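No lab work stands behind these numbers, since they all come straight from the coordinates. A quick note: this is a predicted structure, and the numbers were derived from the prediction, not measured. Here the Cβ positions follow ideal geometry from the backbone for every residue, glycine too, while neighbour counts run over all protein chains shown.
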Amino acid sequence: MKDERTGYLDKPTTEAVNIVGLTERERRFADSYVIVCLNLGREAGAGPLAYRRAFPSSSADHATVYALSNALLNNSRVREHVASVREELANKEPVPSSRIIDELEKVAFSTITDYLEVDLVSGAVSIDLRSLDVTSAAVISELVIEETVKGDVVRRRTRIKLFNKLDALDRLARIHRLYQEEGAGSPSSYLGLMRLVGDGRVIEGKVG
């Protein structure tokens, strides 16, 4: 039977599960809920977001989504599936700490010149992705390429946003316990500097 509010079939899922009676709709929401909670780092407010993620085609208003998500969260089968997924994730091999530090170092010691080409005659600066490799690509949080065509002329505008360098440096400093006391260089003053500088770096330019 199809749920008219979501457009998804409300029938027992065909996937291998141990929860008797769990429907496809319930499983989709439960899986989405686990992911949203992980991204938010909390459960508060995750229900409606998980519902929107699980059922993106739903046109329900916020009040309806809030009610539907609460109803699903109070469903014993949904709660059991959420607990099962979380237990499975908890039993997985943890990511080695050295790998986490390696990824932070890529961001912390990245340089904007890796993505720029400077015309030594005119001084014009453009984005150059020809030397992009695994390391330099890992520090890009957003890459948008827009093309406009006028007759036979194609103009391409590229926008790159890099992950926050100061945030990565701050996390590395905390890992290596470089903050010893309050004052210059302390966590509070350093985070204040981060807020002044901004949450990320964005560069724009023309390519091609």
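Which order do peptides 48-56, 110-118 fall in by mean Cβ count within 10 Å, highest first? Spell out each step's value before the answer.
On the way: 48-56: 19.6, 110-118: 14.6.
Per-residue Cβ counts within 10 Å, averaged per peptide and sorted highest first, yield 48-56, 110-118.
Principal axis lengths of segment 9-125 from Cα atoms, whole Å, largest first?
Principal axes ranked by extent give 69, 38, 28 Å for the Cα atoms.
What is the percent of Cα-Cα separations in segment 24-90 that go past 18 Å? Mind showing how you got there, number by number?
On the way: 623 of 2211 pairs.
It works out to 28 percent of all Cα pairs.
Rounded, prolate or oblate for segment 61-188? Axes are the square roots of the Cα gyration tensor eigenvalues, ordered a ≥ b ≥ c, and the cut-off for rounded is a/c under 1.5. List each step's numbers first, then the result.
Numbers: a/c = 2.45, a/b = 1.36, b/c = 1.80.
Here segment 61-188 falls in the oblate category.
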